[in-house]
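Shown next, in structure tokens, is the structure this report addresses.
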Protein chains: 2
Amino acid sequence: MNVESCAKRLLTHENILIVTHKNPDGDTCGSAAALCCALRRGGRRAWLFPNPQIGRKLLPYCEKYFAPADFKPKYIVSVDIADAKLFCHGFEGKVDLCIDHHPSNTHFAEASFVVGEKASCAEIVLELIECMNADITPEEATLLYIGLSTDTGCFQYNNTDAAAFTAAAELVRCGADIMTVNTVFFRKVTAARIKLESMIYDSIRFFRDGKIAVALVTLKMLREAGAGEDDLDDLAGLAGRCESSLLNITVREKEDGSCRVSVRSVPGVDSSAICAVFGGGGHAMAAGCTVFGTPEHVCELMVGVAEEVWR
Amino acid sequence: MNVESCAKRLLTHENILIVTHKNPDGDTCGSAAALCCALRRGGRRAWLFPNPQIGRKLLPYCEKYFAPADFKPKYIVSVDIADAKLFCHGFEGKVDLCIDHHPSNTHFAEASFVVGEKASCAEIVLELIECMNADITPEEATLLYIGLSTDTGCFQYNNTDAAAFTAAAELVRCGADIMTVNTVFFRKVTAARIKLESMIYDSIRFFRDGKIAVALVTLKMLREAGAGEDDLDDLAGLAGRCESSLLNITVREKEDGSCRVSVRSVPGVDSSAICAVFGGGGHAMAAGCTVFGTPEHVCELMVGVAEEVWR
């Protein structure tokens, strides 16, 4: 399926429900809401599945498109969903069209429009909307910019390519409110998060001349900071800010007496080999494992193994 | 002067010295080094003025182009310099060509190529190089990406426009190593900076239901963190990360018993009016002043005045 046939197919259907994935991020929400908005401009009745997991930053952008309880969809479209396992509700076997950018897409839907080389699903929806409606509204541009900018880490992740920047230029030309998106998604955090970061930065210990950095996140810290689930994004990235560090380990204490350990490393240092020792896994540069013990003890264990595995 | 005439003029000269501004940033250094590199490809003898103020992150990108002590320039080009006051060495009255993007440029040079609507000088140099040499090398693209990304705060400042994103796309296509630039300029910091941020975040106090946030940076903190000049970039931005805060005040203790105060605010809250009370000044959303007293006392004074001025 190409962008023209996908656009054409969408416009022949009515009562469309657009579905986002579980643990919804900016790309699935922004792409879905922009598509919904554009389909309505194209004369279609379209709604978003009211995904109960959408967080407080994304909710204001999505909830006005949430389907009412009595909506009976005739055509179901999934956005940014690579696998049927990623539904947070019973949509398995019911999706008519899947729009996605993950090369790993399992083609679970009746029809699929997958462009695997795109950094974000928002870039695919941008092309789709331009094909359906010839133009993009400022609201749609803002929604797509949320998807593009969050999926590329504000153009800092290594999926950021020339096409991502070209799409950003187009969205700005179409009136995307990038300053608000930047403020909400990349700049502002709660006072609890600030307090938590202060404590995590203070906890960082260095080993092997600073090449290993370990950050601890204890239950006491979370309690003292008053941190909620929304405040815990990318904690594993904090220790990695240290210049000297090539291997970053974040040990997060859990209620059951175990610690969840996230390991991040530069190329040449194998995070997954270190986590495999504790029954965990992942990729060479990002892996994880669960280890029982106090955070201090788990820190010692992890550093010991890291010193063994990484010579 | 347009881009063609500027390119033509540059290529008719020999023994070119390219000058960066005082307190050199990524845009002046990246643009100057890229221009130097491109002029050499165009068969010119060109060097950079060995600006002694270039910091440790930018130095590796510039120093190989530093003019030897016996170099006798015949044509002097300034890059990203709006005013003759911004030279860190005696170049007043000696500049043959000024290439700049500041609308406030004072036209101090013999000839000027100023494009005031560009977010970065790097975008102007990009057009210039494409005009001179028809292509851009990966090294030049990387240098220009340093200029573009640092002057736009990695595409988060409000000067970020469609042209900035279009230039970024072009630089990526030309082989810019954006991952290294992102790591060096936006991600990695020293362990001392991490420690200092931990202490500053811990120091933040809130007033008026969280709408005013005050951060303290004391001499003791700087000493305990082991922070050097390079670790003090944009400290005034840290308090501004708090979601609730509309007015952010950063009080930095100085050796002479005074405090340097930076005030940042959202539209509608006048930072400069608050600083004016203490003999300072600036813009509505970013202002500063110097106040004698301990950081705690200055914090109290500032909050008192802020409550008066901002009703």
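The values are calculated or read from the model by the stated rules, or taken from the named source; none is laboratory data. Quick caveat: nothing in here was measured; it's all calculated off a predicted structure. With ideal geometry, Cβ positions are generated from the backbone for all residues, glycine too; neighbour counts draw on all protein chains shown. The protein model used for the area step is the full one, side chains on, heavy atoms only, and it has no ligands, DNA or RNA in it. Shrake-Rupley method; radii C 1.70, N 1.55, O 1.52, S 1.80 Å.
Below, the figures for the structure above:
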| quantity | calculated |
| --- | --- |
| Yes/no for residue A:27 being among the acidic types (Asp, Glu), open to solvent by less than 20 Å² (accessible area, probe 1.4 Å) and at pLDDT 95 or above | yes |
| Residue ranges of helices (runs of 4 or more DSSP H) in segment B:1-80 with at least 1 members among the hydroxyl-bearing types (Ser, Thr, Tyr) and under 25 Å from the mean Cα position of the chain (by Cα) | B:26-41, B:59-62 |
| Condition check for residue B:150: facing chain A (nearest Cβ under 9 Å), of a type in the set (Val, Ile, Thr), in contact (Cβ under 8 Å) with a residue 40 or more places away in the chain and in contact with a helix residue (DSSP H, G or I) (Cβ under 9 Å, 6 or more places away or on another chain) | no |
| Selection status of residue A:303, β-branched (Val, Ile, Thr), in a loop (DSSP other than H, G, I, E, B) and out of contact with any Asp or Glu (no Cβ under 8 Å at 6 or more places or on another chain) | no |
| Criterion violated by residue A:143 - all others in (1) open to solvent by 10 Å² or more (accessible area, probe 1.4 Å); (2) more than 10 Å from chain B (Cβ to nearest Cβ) satisfied | (1) |
| Members of segment B:45-80 found to be open to solvent by 60 Å² or more (accessible area, probe 1.4 Å) and closer than 14 Å to residue B:97 by Cβ, listed by number | B:74 |
| Segment A:91-107, subset within 21 Å of the chain's Cα centre (by Cα) and in a loop (DSSP other than H, G, I, E, B), residue surrounded by the most Cβ atoms within 10 Å (Cβ to Cβ) | A:101 |
| Answer residue from segment B:154-203, given it is facing chain A (nearest Cβ under 7 Å) and of a type in the set (Gly, Ala, Ser) and is most open to solvent (accessible area, probe 1.4 Å) among those | B:191 |
| Exclusive hit being more than 14 Å from chain A (Cβ to nearest Cβ), surrounded by 14 or more Cβ atoms within 10 Å (Cβ to Cβ) and either among the β-branched types (Val, Ile, Thr) or closer than 28 Å to residue B:57 by Cα (or both), set B:266, B:303 | B:303 |
| Exclusive hit being of a type outside the set (Val, Ile, Thr) and in contact with a helix residue (DSSP H, G or I) (Cβ under 6 Å, 6 or more places away or on another chain), set B:98, B:62, B:88 | B:62 |
| Segment B:204-251 - residue that is facing another protein chain (nearest Cβ under 9 Å), touching a strand residue (DSSP E or B) at 6+ places or on another chain (Cβ under 6 Å) and not hydrophobic (A, V, I, L, M, F, W, C) and, of those, surrounded by the most Cβ atoms within 10 Å (Cβ to Cβ) | B:245 |
| Segment B:116-132, residues that are open to solvent by less than 30 Å² (accessible area, probe 1.4 Å) and either outside the structural domain of residue B:13 (by TED's automatic domain parsing) or within 24 Å of residue B:13 (Cβ to Cβ) (or both) | B:121, B:122, B:123, B:124, B:125, B:126, B:128, B:129, B:132 |
